[in-house]
1. If we sort 16-24, 199-207, 50-58 on the protection proxy, mean other Cβ atoms within 10 Å, highest first, what's the order?
2. Compare the peptides 31-40, 184-193 by average per-residue count of other Cβ atoms within 10 angstrom and give them in order, highest first.
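Every read-out reported here was derived from the displayed coordinates using simple, explicitly stated rules and does not represent laboratory data. This structure is a prediction, so every number in the text was calculated from the model and none was measured. Here the Cβ positions follow ideal geometry from the backbone for every residue, glycine too, while neighbour counts run over all protein chains shown.
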């Protein structure tokens with residue numbers, strides 16, 4: 001069973017990871033035409049953690065935490081992607097001992113396609129696993145796998161970014177009904193709160209001021225703030241208090 005780290009749910013990095021998942025699921029749904037949900041797990045020093053999820057079936061926290069095995073655990077063990085284009089066909093051909101743990105619940109939840117990809121964590125020598133559950137069989141093609149891998153790297157960077165930051169009280173994780181623009185802005189607000197050590201209102205004010213000074217939309221500025229924080233570029237230093 002994957003534990004839930006006491007400082008992650010509803011704070012950071014769960015809040016930022018959930019926002020990244022929302023963006024990825026929006027892209028996948030647009031490209032494939034199928035509904036998808038996602039989860040992120042991590043392993044450090046032999047302990048598995050559930051970080052965040054998106055969706056009301058496999059992405060629901062109690063569901064994601066309750067399974068002992070899953071594609072995420074296989075990925076964390078082997079440190080290579082798992083791609084199952086048609087879960088029902090694969091399961092019928094070679095059912096395994098982990099069937100009750102995750103195969104059957106996944107099928108019962110209405111998902112036929114699964115993609116899980118790993119990403120190395122720089123701090124602590126661990127790994128993260130990003131898992132996508134798609135309703136339609138055959139929808140996890142090379143482009144979906146490639147995008148999932150790219151987002152997994154971003155998620156790993158966020159986990160590293162917040163791994164040494166104490167928990168702080170923050171708002172709820174964005175729900176599946178929140179669009180990618182709102183998720184990106186909320187993500188940037190969380191980054192600014194941690195980097196500047198300020199409250200939510202001040203962080204939103206900083207974003208508004210930057211958008212006004214640069215003459216760009218708020219969501220564009222928010223995206224740049226997030227990219228600077230995740231990539232650790234020199235531009236990110238300008239976000240700190242002077």
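1. Working: 16-24: 26.9, 199-207: 16.0, 50-58: 23.3.
Those peptides, ordered most packed to least, come out 16-24, 50-58, 199-207.
2. On the way: 31-40: 22.0, 184-193: 25.1.
The densest-packed peptide leads the list: 184-193, 31-40.
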